[in-house]
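Here, each number is a calculation from the coordinates, and none is a lab measurement. Quick caveat: nothing in here was measured; it's all calculated off a predicted structure. Here Cβ is always computed from backbone atoms with ideal geometry, including for glycine, and neighbour counts include all displayed protein chains.
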There are 2 protein chains.
Amino acid sequence: MAKNLTKRSEDYSKWYNELVLQADLAENSGVRGCMVIKPYGFSIWEKMQAELDRMFKETGHQNAYFPLFIPKSYFSKEASHVDGFAKECAVVTHYRLKDDGKGGVVVDPDAKLEEELIVRPTSETIIWDTYRKWIQSYRDLPLLINQWANVVRWEMRTRLFLRTTEFLWQEGHTAHATKKEAIAETEQMLDIYAEFAENYMAIPVVKGLKTESERFAGALETYCIEALMQDGKALQAGTSHFLGQNFAKAFDVKFTAKDGKQDYVWASSWGVSTRLMGALIMTHSDDKGLVLPPNLAPDQVVIVPIYRSDEQFELVSKVANEVMSELRAKGVRVKFDNRDTHKPGWKFNEYELKGVPVRLAIGPRDVENGTLELARRDTLTKESVSRDDVSDIVVALMDEIQKNLYKKAQNHRTENTSEVSTYDEFKEVLKTKGGFIYAHWDGTNETEEKVKKETKATIRCIPLDAKDEDGICMVTGKPSKRKVLFAKAY
Amino acid sequence: MAKNLTKRSEDYSKWYNELVLQADLAENSGVRGCMVIKPYGFSIWEKMQAELDRMFKETGHQNAYFPLFIPKSYFSKEASHVDGFAKECAVVTHYRLKDDGKGGVVVDPDAKLEEELIVRPTSETIIWDTYRKWIQSYRDLPLLINQWANVVRWEMRTRLFLRTTEFLWQEGHTAHATKKEAIAETEQMLDIYAEFAENYMAIPVVKGLKTESERFAGALETYCIEALMQDGKALQAGTSHFLGQNFAKAFDVKFTAKDGKQDYVWASSWGVSTRLMGALIMTHSDDKGLVLPPNLAPDQVVIVPIYRSDEQFELVSKVANEVMSELRAKGVRVKFDNRDTHKPGWKFNEYELKGVPVRLAIGPRDVENGTLELARRDTLTKESVSRDDVSDIVVALMDEIQKNLYKKAQNHRTENTSEVSTYDEFKEVLKTKGGFIYAHWDGTNETEEKVKKETKATIRCIPLDAKDEDGICMVTGKPSKRKVLFAKAY
């Protein structure tokens, strides 16, 4: 049985770590910084993958697979890219072990690679080296490719899902004939990420542009979606990069246009990762455990039988099985937990901990009365519902719970969003409530760096919907054209 | 436009390589031995994954994800396991690059790992290190886990799909309370692989046990399915291993049984990989290109419009779109290739090369006559069919083509299976026709090794359905209880 979780109000960070472990989502492995994604956690990730994959394919993208390893020399070809990733690369130097004569193994010094291989931290370089062979003419464009893969970035401080040395993600890499098309693609994918976050994860997000210092290494613009967690910290949930012709030039990828002229190809790349699991957990969950939006819950409903005898078990099981069939016929993912190894109380706790949106309990008296007990995970309310109406009620609830979670998250964000004029106000808000803070900024790296150093808050993005307004930078008093979004962040 | 393929009869190996490239399935990358799986190839692999994943889940398995890296010391814990894999391991020794001062990067000698990490060649060791934490009691068993992942085995001679340094696969790892259950699981998964091969890939397979020398490193028994390619060579298409308590002992994974006694857990592991793509290609394809069974074809039907004017294009497009809708409503995967950048002849060749099971062509005269031209990829036959009946005909054809491909492969195998009594006969068959050869064997490593050395043929398996019959080994004349299956193999 699950131990009690630390309360969010006591220690948010501890609450998160305990929740991830106790809800069977993931755990640390024997390999520094690498996690094991447990079956329950992985089944949520699979739901995310399925929806995203569908959205990518509906917009004309195809999946492919590129090598895990990248020759070291590829990295140096795009100058800012190598600067961005060189410090966190796992490097393969040898291709064989040998017997150490003492029952163990050692690296075989005779099996040293001529050129070291980097375990991909992202795949722009290996992919653009391939695109050179695939792209000759405008007929080959646009090239719209996505890859589901594992990547490795050597992290010193790691946290399950939020920051791990190895993580799972998808990375889209597209090639276009014109700058305009490449930007349109970059923006389209940002919209898809925002739509996924809002409609499936029930997480409201702010769409925006990163400042120059926070841009992806090798990009001309980085678009992002930013979400607000319950502790008032921001989490970057997805990025979409306009790469200009940087990688095309670095890897010499040219195409012949309709008019016969040759030009370098324009590019985008975009990705979301298992980090989304962290966002999902930290947006909705409570002191009793995980809370899942129905659209991503592996089990949307669990039915728990209440009984004292075999006879009673048969009686309630009959109704439970009928209800299960009805619900399945209506497209609801439902599980009947008829294990006799655990008591109902244990099961109630277990499914609360695991965030199953709706729990139905049925005992002999319910059978008699033609009812079931329905408990909602999002509101923690219980009610008795009629056997005859239960499947209609549950179907309607799936939609209601999904919307309610979004609304709750949106209200939380509204309550924790501030606009400030002065740096003192800014620091005061950070100290007292945190959250999203809109403020004027003079557009310089220096000011951004100063705020970061002094307050630990960063510019999360320049929101796409920021209205033009003349103002003055809260720090320097220099002119500013629009407010930007600050927050402390994961 | 595709160049002409080399004919199988001229150079089978060259034909295979050209086909993989020209049909857009895969290509070599800039990384030695690692392939790029191109979108069309990957979409076939995705169909395979989807069906296998469904079959695994229907039999109670769940997906999870374990680290890519394995600490070197884990390998030494199971003695035969390390022997089997040590010679082909990619080893990560450093975690950072640094500027070389000349515009490039070098490995940072200050970022050397204390313990080297192995890029997983298979995951038994990291998974059993995790299972120790997951398994305490009989209530935690059986544990039925599968992982879809990339693995790396350093290969000196590689071929697209058949043998690559990095490949994609699934690996199942299960834990059980009893030996009997673990063996039942091992056999169940072999049956699932055989069912998948036969019903989806349309490839008949022989189920059997590997000899001791061919067993998986760390297994007590290795079960396999063996298929026969068109050139008379065998291909191992999947393996399922009974691991006994070897890994449980190496990683100290014990459980408390119902009666309170402690014992080590029993295990299985099983996997199929992107190698299946090689089997699929080499079983069915012909001198015109790929031939795909409908159950795995990304596009089961392609419709090609024939026209000379915009007016004609509109006319035929109207019917084509209607037929497409009808077919989709019946669950057929169909594509209407209305690109004006390529001529019909080019498209015909293209879809033959890519193995689309059925091609429908429609021109103005067809519209007038209420017909379409239907071409089958498997038989290369064409006929005119009525517009009104076309969707029923196509639906029936999907099933017919699937069965026909299986039957063709089965006939080929029957024609190329021999039984021999003497070693001379054996060598003669190998020289003249190759294929599967059943012969008596005395059960010793020495004889197996001698045959391999002298003829390059290996024992593919001891077939599960081999009938008991007293005989004498074709090589040594020693007694034998059953015939085993020999062949040259990929």
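Cross-link reach is defined here as a Cα-Cα straight distance under 17 Å, omitting same-chain residues fewer than 8 places apart; for B:LYS258 the lysines meeting it are B:LYS179, B:LYS180. Listed from fewest to most Cβ neighbours within 10 Å, the set B:LYS258, B:LYS450 follows the order B:LYS258, B:LYS450.
What average number of partner chain Cβ atoms lie no more than 10 Å from the Cβ of the residues making up B:99-105? Intermediate values should be presented prior to the final figure.
Working: counts 4, 1, 0, 1, 3, 6, 12.
Whole-number average of other-chain Cβ neighbours for B:99-105 is 4.
The distance linking the range B:351-425 with the range B:134-164 is 36 Å (Cα centroid to Cα centroid, whole angstrom). What is the extension gain from A:LYS318 to A:THR414, computed as 0.36 nm multiplied by their sequence separation minus the C-alpha to C-alpha distance, in nm to one decimal? Length gained, A:LYS318 through A:THR414: 29.9 nm. Sorted from closest to farthest, the other copies place their B:GLY370 label points 5.5 nm away, with each point set 7 Å from Cα along Cα→Cβ.
Of all aspartates and glutamates in the structure, those lying under 18 Å Cα to Cα from B:LYS47, and not within fewer than 8 positions of it along the same chain, are A:GLU46, A:GLU51, A:ASP53, A:GLU58, B:ASP24, B:GLU58, B:GLU171, B:GLU195, B:GLU198, B:ASP299, B:ASP399.
Shown for the range B:290-432: lysine pairs separated by 8 or more places, or found on different chains, whose C-alpha atoms are under 17 Å apart, numbering 6. Modelled spin-label separation between B:ASP11 and A:ARG365, with each label point placed 7 Å from Cα along the Cα-to-Cβ direction: 8.3 nm. Label point of B:ARG482 (7 Å along Cα→beta-carbon): distances to the other copies' equivalent points are 7.4 nm, sorted ascending. Here the spin labels are modelled as points 7 Å beyond Cα on the Cα-Cβ line, and at A:VAL106 and B:ASP399 they lie 6.6 nm apart.
So if we plug the beta-carbon distance of B:SER137 and A:GLU428 into 1/(1 + (r/R0)^6) with R0 = 45 Å, what FRET efficiency do we get, rounded to 0.05? Can you show the working numbers first?
Values: r = 54 Å, r/R0 = 1.20.
My answer for the efficiency is 0.25.
Of A:GLU428, A:GLU27, B:GLU469, A:GLU171, how do they rank once you tally other Cβ atoms within 10 Å and put the fewest first? Walk me through the intermediate numbers first.
Details: A:GLU428 13, A:GLU27 16, B:GLU469 10, A:GLU171 21.
Sorted ascending by nearby Cβ count, the order is B:GLU469, A:GLU428, A:GLU27, A:GLU171.
The calculated FRET efficiency for the pair B:ASN445 and A:THR341, based on their C-beta separation and a Förster distance of 35 Å, comes to about 0.15.
Shape of the protein assembly as shown from its Cα gyration tensor (a ≥ b ≥ c, root eigenvalues): rounded if a/c is under 1.5, otherwise prolate when a/b > b/c, or oblate?
Values: a/c = 1.39, a/b = 1.24, b/c = 1.12.
Judged from the Cα gyration tensor, the protein assembly as shown comes out rounded (a/c under 1.5).
Along the axis of the charge dipole computed for chain B (Cβ charges of +1 for Lys and Arg, -1 for Asp and Glu, origin at the Cα centre), the listed residues B:PRO67, B:GLN136, B:LEU276 are led at the positive end by B:PRO67. Placing a label point 7 Å from Cα along the Cα-to-Cβ axis, A:LYS261 is separated from the same position in the other copies by 8.4 nm, shortest listed first. The ellipsoid equivalent to the alpha-carbon distribution of the range A:417-487 has semi-axes of 17, 14, 11 angstrom, derived from the gyration tensor eigenvalues as √(5λ) and listed largest first. Computed from the C-beta positions of A:ALA79 and A:ARG376, the FRET efficiency with R₀ = 35 Å rounds to 0.05. Computed over the protein assembly as shown, the per-residue total of -39500 (n - 2.57) for DSSP H runs of n ≥ 4 gives a 222 nm mean residue ellipticity of -11000 deg cm²/dmol, rounded to 500.
Just want to confirm a number: the relative contact order over chain B, from Cα pairs under 8 angstrom separated by 6+ residues, in percent.
Working: 965 pairs, mean separation 66.4, N = 490.
14 percent.
Measuring from centroid to centroid over Cα atoms, what is the spacing of the range A:256-282 and the range A:9-51 in Å? So the separation of the two Cα centres works out to 27 Å. Among the listed pairs B:LYS57/B:LYS467; A:LYS249/B:LYS38; B:LYS288/B:LYS433, a Cα-Cα separation exceeding 26 Å is found for B:LYS57/B:LYS467. Neighbouring Cβ atoms from other chains, within 10 Å of the Cβ of residues in B:134-146, number 1 on average. Cβ-to-Cβ counts within 10 Å put A:ASP191, B:ASP337 in ascending order as A:ASP191, B:ASP337, the fewest first. What shape does the range B:12-284 take by its C-alpha gyration tensor, where a ≥ b ≥ c are the square roots of the eigenvalues and a/c under 1.5 counts as rounded, a/b above b/c as prolate, and the rest as oblate? Judged from the Cα gyration tensor, the range B:12-284 comes out oblate (a/c at least 1.5, b/c at or above a/b).
With an a/c value of 1.5 or above and a/b not larger than b/c for the gyration tensor axes a ≥ b ≥ c computed over the alpha-carbon atoms, the range B:180-242 is described as oblate.
Find which of A:PRO39, A:GLN236, A:ASN199 sits farthest along the positive direction of the dipole of the protein assembly as shown, computed with +1 on the beta-carbon of Lys and Arg, -1 on that of Asp and Glu, about the Cα centre. Working it through, the farthest residue towards the positive pole turns out to be A:GLN236. Taking 7 Å steps out from each Cα toward its Cβ at B:ILE472 and A:ASN4 produces label points 8.2 nm apart.
Summary of the geometry: the range B:53-94 and the range B:294-321, compared by the centres of their Cα atoms, lie 47 Å apart.
Each Lys and Arg Cβ is given +1 and each Asp and Glu Cβ -1; about its Cα centre, the protein assembly as shown then shows a dipole of about 1320 debye. For the range B:258-297, the calculated P(r), taken from all Cα-Cα distances in 5 Å bins from zero up to the bin holding the longest distance, is 5, 15, 18, 13, 8, 6, 6, 5, 6, 7, 6, 2, 2 percent.
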